[in-house]
Amino acid sequence: MRLSNFFLSTLREAPADADVVSQKLMLRAGMIKKLASGIYTYMPMGLRSIRKIEKIIHEEMAAAGAVELLMPVIQPAELWMETGRWQKYGPELMRVKDRHGRDFIVQPTSEEAVTDIARNEIKSYRQLPVNFYHIQTKFRDERRPRFGVMRGREFTMKDAYSFDRDEAGAAKSYDAMFKAYQRIFTRMGLNFRAVKADTGAIGGSRSHEFQVIADTGEDAIAFCPDSDFAANIELAEALPLLTTRASPAQAMMKTSTPGRAKCEDVATLLNLPLAQTVKSIVLAAEKADEKGNPLAAEVWLLLLRGDHELNEIKAAKIAGLNKGFRFATESEIVEHFGCKPGYLGPIGLKKPVQLVVDRTVANMRDFVSGANEEDFHFTGVNWSRDLPEPALVADIRNVVAGDPSPDGKGVLEIQRGIEVGHVFYLGTVYSAPMKATFLDEDGKPKLLEMGCYGIGVTRLLGAAIEQNHDDKGIIWPDAIAPFEVVICPLGYDRNEAVKAAADHLHKELMAAGIDVILDDRGERPGVMFADWELVGVPHRVTVGDRGLKENNVEYQHRRDEKATVVPVPVIAHLVKSKIARLAAAPSE
RNA sequence: CGGGGUGUAGCGCAGCCCGGUAGCGCGCCUGGUUUGGGACCAGGAUGUCGUAGGUUCGAAUCCUAUCACCCCGACCA
């Protein structure tokens, strides 16, 4: 490809509304252009990378036995009513009406559409297993789209859906997709981690996320460097940090802590470690009678060590809180504790509350907690002696770095990541309400066992950049770079020798199947270098008359400090050998 | 949805407080000189000042409404 036949438009300054580095660089490199909030045009340069990502996905999906189809962007509301998601999905689901006033949605995902295909097409166990996938535009009307293509409203997703006879079959399909995902992200040259994940609103029981490691990621990942344990922090189990409870050493005392409403301040004032304090978090669970009339909310008190954070996902799994909860209002707190937030504790309540004690707190002794009286805390508090043994002990906190790994094999570390893929086991969550059955060997209808598997294609673009950039611009992994190699001739428009050598190399690399672009603008070197470093093409060959006099050109990888002088006869071979291409998995 | 902020040339911004008919840098066009890290000189083009209404002899500037966008929060896979 010659640049004169392509389209390059770079900006020296990023538009002011871009906030994350990947978005700024993509806008500056002319890969995307914003049309509306969370809605982007993929410019020629950006689209090339997207197509490369898609190609890898297609190859690995085929290798894993998935079959491509293409389901519509616009889907009838009736399908979504069958599964209840027309009501449940909320305003993120883009709803539209046709000219007859019929309701449709713009798909945020395709479980309903694919299950509809399955129930119509899959009649016999002999047709199973099958895995349908497509790469299609999605729309989620996020309240606050941000981070460019990382959290856009319109985006491209690969979604696959497996159908199996039974759970064992579904587990096999799940594993096949899991392995395919590992190959996909490996081939893209990304540093990623597969982590155990919460199953969230989609439901089901087994789930992994694929996270691209980047400090700017929205998700926190807990992993153990000494084992293969890795989980989203939402899910990572926090073991008790104290395995046994020591006997009390202090008497309980009410201590004046004026104006110290936070555990940190109390610990500082009393000159105690933060880990000696206990924080009180008050939640409210809405209640209703059999007729659905609202009753007064039930108030819950959760106790965590002062240096720990509540994990709301874990809390939401406790019976009584699993129907939904919120933070209690100040009036609810005063009503039950007789005190404002900041000095709350489990001792001396005005009205009974439901108590949940974190595993670590359950084994603490001589701890500090609020006295339910403004400006006072208790010190030296002990279970059994000063308050009843906790009835409900649970894991309700986020793990922190240094916690023991739940598999008992070391200590956890925390990393940040960008979720670019997920695999879910769905079971019959969709097949049951949509009555998607097949005839099994025994001649009886059975519900299809399903799994779903997503990859955020356009998000990958942002994630790859968040992981691979420097102050000059993007540094693409070879596999998803818009071009693998750029040839920068110095004086293409005025030096015959340079032009001839550059043209020759361009032809040679093209013939070798290398994705090369020749910058034939005749620009000054600084302009060319700055542009291509911004765009992030990983390999660069510079052709100048100075080198050509010695029959040399220069090679420089985007990560190299300096260029290497290379004799003209070997440059093509050198470039070929530098480009890392992982072969597709063998297709079945 | 709550709080905060911003809309002026393709991009980045000044001008607004204190009303007088729009400017700077980059980019773009023409000519010339240059040519190994975002060149220089000369000339040039580009604006419904987000939109609508109002005040005024006169509005980018003041007032009202509205829209869009961004940030923080809430919300959400």
- Message: Among the residues of the stretch A:515-543, what is the count of those that are open to solvent by less than 30 Å² (accessible area, probe 1.4 Å), of a type outside the set (A, V, I, L, M), near RNA strand B (Cβ under 6 Å from one of its atoms) and part of a helix (DSSP H, G or I)?
- Response: 1
- Check off (1) of a type in the set (D, E, K, R); (2) closer than 24 Å to A:Val353 by Cβ; (3) in the same structural domain as A:Ile347 (by TED's automatic domain parsing) for A:Arg245 and give me the number that stays unchecked. (3)
- Message: Looking at the stretch A:102-145 only, could you name the residues that are away from RNA strand B (no atom under 16 Å from the Cβ) and β-branched (Val, Ile, Thr)?
- Response: A:Val114, A:Thr115, A:Ile117, A:Ile122, A:Val130, A:Ile135
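What number of residues within the stretch A:422-446 are surrounded by 16 or more Cβ atoms within 10 Å (Cβ to Cβ) and not basic (Lys, Arg)? Talk me through it step by step, then tell me what you get.
To start, the set of residues in the stretch A:422-446 that are surrounded by 16 or more Cβ atoms within 10 Å (Cβ to Cβ) comprises A:422-431, A:434, A:436-438, A:446.
The next check asks that each one be not basic (Lys, Arg); those that pass are A:422-431, A:434, A:436-438.
Here the count works out to 14.
Quick grid of which residues meet (1) touching a His at 6+ places or on another chain (Cβ under 8 Å); (2) surrounded by fewer than 21 Cβ atoms within 10 Å (Cβ to Cβ); (3) aliphatic (A, V, I, L, M):
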| site | (1), (2), (3) |
| --- | --- |
| A:Glu13 | no, yes, no |
| A:Leu25 | yes, no, yes |
| A:Gly30 | no, yes, no |
| A:Leu35 | no, yes, yes |
| A:Gly38 | no, no, no |
| A:Met45 | no, no, yes |
| A:Arg51 | no, yes, no |
| A:Ala62 | no, yes, yes |
- Item | All positions within the stretch A:544-565 that are more than 10 Å from RNA strand B (Cβ to nearest atom), open to solvent by 10 Å² or more (accessible area, probe 1.4 Å) and within 17 Å of A:Leu509 (Cα to Cα) | A:His557
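For residues in the stretch A:66-99 being of a type in the set (Gly, Ala, Ser) and surrounded by fewer than 13 Cβ atoms within 10 Å (Cβ to Cβ), which is farthest from A:Ser173 (Cα to Cα)? Break it down stepwise before answering.
First pass over the stretch A:66-99, keeping only residues of a type in the set (Gly, Ala, Ser): A:66, A:77, A:84, A:90.
Okay, now just the ones that are also surrounded by fewer than 13 Cβ atoms within 10 Å (Cβ to Cβ), so A:84, A:90.
On the way: A:Gly84: 26, A:Gly90: 31 Å.
Across the stretch A:66-99, the extreme among qualifying residues is A:Gly90.
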- A:Ser9: passes all of (1) in a helix (DSSP H, G or I); (2) within 16 Å of RNA strand B (Cβ to nearest atom); (3) within 27 Å of A:Leu190 (Cβ to Cβ) but (1)
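From the list A:Gly513, A:Gly522, A:Gly544, which one is under 42 Å from the mean Cα position of the chain (by Cα), without any contact (Cβ under 8 Å) to a residue 60 or more places away in the chain and not assigned by TED's automatic domain parsing to the domain that holds A:Arg28? Working first, answer last.
Numbers: A:Gly522 fails: under 42 Å from the mean Cα position of the chain (by Cα); A:Gly544 fails: under 42 Å from the mean Cα position of the chain (by Cα).
Exactly one residue qualifies, and that residue is A:Gly513.
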- Item | Subset of the stretch A:12-51 [under 22 Å from A:Gly526 (Cβ atoms) and more than 12 Å from RNA strand B (Cβ to nearest atom)] | A:Met31, A:Met45
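Give the residue that is most open to solvent (accessible area, probe 1.4 Å), with candidates limited to residues of the stretch A:370-395 that are of a type in the set (Gly, Ala, Ser) and under 30 Å from A:Ala222 (Cβ atoms). Show your work before the answer.
Of the residues in the stretch A:370-395, the ones of a type in the set (Gly, Ala, Ser) are A:370-371, A:380, A:384, A:391, A:394.
Now drop any that are not under 30 Å from A:Ala222 (Cβ atoms), which leaves A:370, A:391, A:394.
Values: A:Gly370: 1, A:Ala391: 106, A:Ala394: 18 Å².
It comes out as A:Ala391.
Sort out which residues of the stretch A:409-455 are part of a loop (DSSP other than H, G, I, E, B) and either within 13 Å of RNA strand B (Cβ to nearest atom) or closer than 26 Å to A:Val195 by Cβ (or both), and write them in order of number. Break it down stepwise before answering.
From the stretch A:409-455, those part of a loop (DSSP other than H, G, I, E, B) are A:409-410, A:412, A:428-436, A:440-444, A:448; that's our starting set.
If the condition is that a residue be part of a loop (DSSP other than H, G, I, E, B) and either within 13 Å of RNA strand B (Cβ to nearest atom) or closer than 26 Å to A:Val195 by Cβ (or both), then A:Lys409, A:Gly410, A:Leu412, A:Thr428, A:Val429, A:Tyr430 are the ones that fit.
Just wondering, is there one or more residues in the stretch A:281-289 that are within 16 Å of RNA strand B (Cβ to nearest atom) and open to solvent by 70 Å² or more (accessible area, probe 1.4 Å)?
At the first step, the residues of the stretch A:281-289 found to be within 16 Å of RNA strand B (Cβ to nearest atom) are A:281-286.
Now drop any that are not open to solvent by 70 Å² or more (accessible area, probe 1.4 Å), which leaves A:286.
So far as the stretch A:281-289 goes, yes, one or more of its residues are within 16 Å of RNA strand B (Cβ to nearest atom) and open to solvent by 70 Å² or more (accessible area, probe 1.4 Å).
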- Note on the structure: Of (1) within 9 Å of RNA strand B (Cβ to nearest atom); (2) modelled with pLDDT of 95 or more, A:Asp493 fails just (2)
- Note on the structure: Expected output for the stretch A:311-324 (first residue in a helix (DSSP H, G or I), partner among the charged types (D, E, K, R) and open to solvent by 50 Å² or more (accessible area, probe 1.4 Å), Cβ below 6 Å, 6+ apart or cross-chain) is A:Ile313/A:Glu234
- Note on the structure: Those residues of the stretch A:558-585 which are among the β-branched types (Val, Ile, Thr), touching a Gly at 6+ places or on another chain (Cβ under 9 Å) and not in a strand (DSSP E or B) amount to A:Val568
- Taking the stretch A:396-414 only, how many residues are open to solvent by 50 Å² or more (accessible area, probe 1.4 Å) and without any contact (Cβ under 8 Å) to a residue 40 or more places away in the chain? 2
- Task: State whether one or more residues within the stretch A:342-360 are crowded, with 18+ Cβ neighbours inside 10 Å and within 16 Å of RNA strand B (Cβ to nearest atom).
- Result: no
- Message: Restricting to the stretch A:490-506, name every residue that is more than 30 Å from A:Leu461 (Cβ to Cβ) and assigned to a helix (DSSP H, G or I).
- Response: A:Glu496, A:Ala497, A:Val498, A:Lys499, A:Ala500, A:Ala501, A:Asp503, A:His504
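Suppose the filter is away from RNA strand B (no atom under 14 Å from the Cβ), closer than 29 Å to A:Pro569 by Cβ, part of a strand (DSSP E or B) and not acidic (Asp, Glu); does A:Ile487 pass it? Working first, answer last.
Values: away from RNA strand B (no atom under 14 Å from the Cβ): no; closer than 29 Å to A:Pro569 by Cβ: yes; part of a strand (DSSP E or B): yes; not acidic (Asp, Glu): yes.
For A:Ile487, the condition - away from RNA strand B (no atom under 14 Å from the Cβ), closer than 29 Å to A:Pro569 by Cβ, part of a strand (DSSP E or B) and not acidic (Asp, Glu) - is not met.
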- Note on the structure: Taking the stretch A:216-229 and the residues there that are assigned to a loop (DSSP other than H, G, I, E, B) and within 15 Å of RNA strand B (Cβ to nearest atom), the one that is nearest to A:Leu460 (Cα to Cα) would be A:Gly217
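The values are calculated or read from the model by the stated rules, or taken from the named source; none is laboratory data. Just so we're clear, the structure is a prediction, and the values are computed from it rather than from any experiment. Note that each Cβ is placed from the backbone with ideal geometry, even for glycine, and that neighbours are counted across all protein chains shown. Ligands, DNA and RNA are stripped out before the accessible areas are found, and what is left, the full protein with its side chains, is counted by its heavy atoms. Shrake-Rupley method; radii C 1.70, N 1.55, O 1.52, S 1.80 Å.
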